[in-house]
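A.B. asks: Could you have a look at this structure, given as structure tokens, before my questions?
Read the figures in this text as sums done on the coordinates, not as results from a lab. Note that the structure is a prediction, hence the values are computed from the model and not measured. Glycine also receives a Cβ, built like all others from the backbone with ideal geometry; neighbour counts cover every protein chain displayed.
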Amino acid sequence: MMTEERLPMLRSERARRDRHARLARLPLVCAVVGALVAPLVLLVDLRQRSELASDALGQLRAIPTTSSYELNPDGTPNLLKECQELYFTQALDHFVAISPTYEERYFVCDKHSRKNGSIFFYVGNEADVELYLNNTGLMWENAEEFGAMLVFAEHRYFGKSIPFGDQVTKHMQYLSTEQALADYAVLIEHIKSTFKLNVPVIGFGGSYGGMLGSWFRMKYPHIMDGIIAASAPILSFLGDEKPVDMGSFARVTTFDASPEAGSAPNCVPNIRRAWSVIREMGMTDAGRKDLLAAFSLCSTEKLESGADVEALIGWIKSAYDYMAMGNFPYPSPYIMNGQSVLPAYPVRVACEHLKDSFAADDKLALLRAFRESVGVYYNSTLDKTCYEMSAPSDESAHDSDFWQYLYCSEMYQPSITDGVNDMFWDVPWNMTADNASCIAQWGTPLRPLWATTQYGGRKALRAASNMVLSNGNYDPWSGGGVLENFTDSVVYVPVDGGAHHLDLFFSNELDPPAIKEARAIEKMHMWKWVREYYAAIDAMQA
């Protein structure tokens, strides 16, 4: 049986291609509805600060959208021109007195910054921070109203913040969530000192960045006044009060392919049937040749063994996993890392190719339709004449491997599929195999309980404050996230019809109503945190 892949929350297109060369030996990591808008009176500052009460007083303000900026070829706004690229010397080990250092990259965008405003701080993820700078519209659209300086911080070991150059893989001991959080704490203090800003800091993060942002608020509440954490699966770790829902990622991916989410009724049954057809054909030389032709695999691809067939199956499955994460209501390049654009609701588009019924003896017709379905993802550029499941490894494409290291060292999120509650096949949890894979790849055994030991899970959330955690029911990661309120200030925002942290993006006329409601709630809490910060200053000065 094939060992499932570890699926990061976002990975560069090149890194995803590299991943397919290892599919047969990587375990899988995996891993609603209206909201109430609070009365506008809650937005009014006790001292009627004109800067803070503009929204509540009904003063109309034009919200910047993507059309307000020059656009990149992929349709995203080119916001780098609005910012200054900077580097800050960070200790590689913040928890010893003497440490080697590295240069952390960050961007400062201060067009709307004012002394009595705020800092919007993006908590960098497992990729080049420029991706988040160009896509986190929630920050850009509210910057002027909040008088906010925007800061986008890059995660150590990703993008251009890689220590030790081409020797980096010999020094992986400095890559950890604890060190990354300490980087952000030191950087925020540096920025406030350098720019002489005594203002509240509001954090933003999606996916892994939302996890980091949540943990940052709990660990450094004196530095960050509140966090908007979207699609953050912070409850997907072992050792918490409730068992991990290991099958949730596959179930939600299947939900996206179902009629309830707008997909063709025959899609899920056809996908389920296709796996057994592929495996059956993969048992003979003639069948494997037919598979090569049916999926238009390039001449460089070989199907010579059962392991090769399982790699093909894993390659196909990955397309549905990523399309489910990127199941946005409008065309978007985000999941493709800006290299191409997925159509609106890509899972629905993929399922259109599987809307028909296929005769039991017409297996090739089913597989050709299957090829067209996964081509929505793999041929999003519309220029592929054949498919490569793998590409030559490139030592500069670190993002994939470094996420795998984090997975092994502290971010173990076990996942299963069962073929009954999802459209895949039965893969039970096997921590022994996962551990062996980590040791083989990194020489690092799993630490399956460390994330909960370090950050506390549900009990820590009940002791926390000023956290807004949103999750969409189209997002496969939602099952590992917060789906209930923990306190009055650690709140869950459901996003019906939302995929992976859709609420962080720029506003779009195709946004479902729940997205608009979610952003209104998030903004309400942002104002609350700002008011609390300035009220505390006023109290000290009284």
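A.B. asks: Separation between the T432 and D361 pseudo-spin-labels, each 7 Å from Cα along Cα→Cβ, expressed in nm?
C.D. replies: 4.5 nm
A.B. asks: Count the DSSP beta bridges whose two residues both fall in the chain, then state the antiparallel fraction as a percent rounded to the nearest 5.
C.D. replies: 40 percent
A.B. asks: Okay, moving on. Could you work out the relative contact order of the range 254-397? I mean the mean sequence separation of Cα pairs under 8 Å and 6+ apart, divided by the number of residues, in percent.
C.D. replies: 29 percent
A.B. asks: Under 18 Å between alpha carbons, and skipping anything fewer than 8 positions from K170 in its own chain: which lysines qualify?
C.D. replies: K160
A.B. asks: What distance in nm lies between label points placed 7 Å from Cα along the C-beta direction at L71 and D418?
C.D. replies: Simple spin-label model gives 4.5 nm for this pair.
A.B. asks: Restricting everything to alpha-carbon atoms, can you work out Rg to Rh for the range 249-378 with a Kirkwood hydrodynamic radius?
C.D. replies: 0.97
A.B. asks: Taking N as the number of residues in the chain, what is its alpha-carbon radius of gyration divided by 2.2 N^0.38 Å?
C.D. replies: 0.97
A.B. asks: Seen from all sides and averaged, what is the projected area of the convex hull of the Cα atoms in the range 114-237, in nm²?
C.D. replies: For the Cα atoms of the range 114-237, the hull's average projected area reads 8.0 nm².
A.B. asks: Which FRET efficiency, nearest 0.05, do F95 and A535 yield, Cβ-Cβ r, R0 25 Å?
C.D. replies: 0.15
A.B. asks: Give me the Kirkwood hydrodynamic radius of the range 164-261, using the inverse of the mean 1/r over all pairs of distinct Cα atoms, in Å to one decimal.
C.D. replies: 16.3 Å
A.B. asks: As an exercise, use a Förster radius of 22 Å and the Cβ-Cβ distance of C386 and K289 to find the FRET efficiency, rounded to the nearest 0.05.
C.D. replies: 0.90
A.B. asks: Here's something else I'd like to know. Counting other C-beta atoms within 10 Å, which of L238, L483, L181, L71 has the fewest, and how do the rest follow?
C.D. replies: So the residues, fewest neighbours to most, are L71, L483, L238, L181.
A.B. asks: Now for a different question. Please identify every one of the GluC sites (Glu not before Pro) in the range 181-269 that sits in a loop by DSSP and has no more than 11 other beta carbons within 10 Å of its own beta carbon.
C.D. replies: Answer in residue order: E241.
A.B. asks: Suppose a student asked you for the relative contact order of the range 315-432, using Cα pairs under 8 Å spaced at least 6 residues apart; what percent would you report?
C.D. replies: 17 percent
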